Amino acid sequence: MKSVRQVNTLIPIGGSQGAATVKVPLKRRAVEVTGIKDAPFDKDSKVVQFTWEYVDVPEPVNRYTGTTAGLHSGEALFKLYDDGWRIEGLQVN
């Protein structure tokens, strides 16, 4: 599972002395599929658990936020159709 998705994220920067909000496009990359299980409500669906990370994060964003560093977890809901699997839902933490 090697895909890169670009998202627009608002990241607050600063403390009590002042604050700024920077809008930067961030890329996420799936690192590893950590589990696959049956969806509890549909025999033709699977829940895929995975880890992901941000890539190419600008240095100022890295410096002032801790939320972009390291691995994060996520789950995707896949449903089997007659032409193959499709993503029905995505949750990233």
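No value in this document is a laboratory result; all are computed from the given coordinates. Quick caveat: nothing in here was measured; it's all calculated off a predicted structure. Here the Cβ is made from the backbone with ideal geometry for all residues, glycine too, and neighbour counts use every protein chain on show.
Between PHE41 and ARG86, the simple label model (points 7 Å from Cα in the Cβ direction) yields a spacing of 1.7 nm.
Sequentially through the stretch 42-52, phi angles give Karplus couplings (6.51, -1.76, 1.60; θ = phi - 60°) of 8, 5, 9, 10, 10, 9, 10, 9, 8, 10, 9 Hz, Gly and Pro residues having no value and appearing as x.
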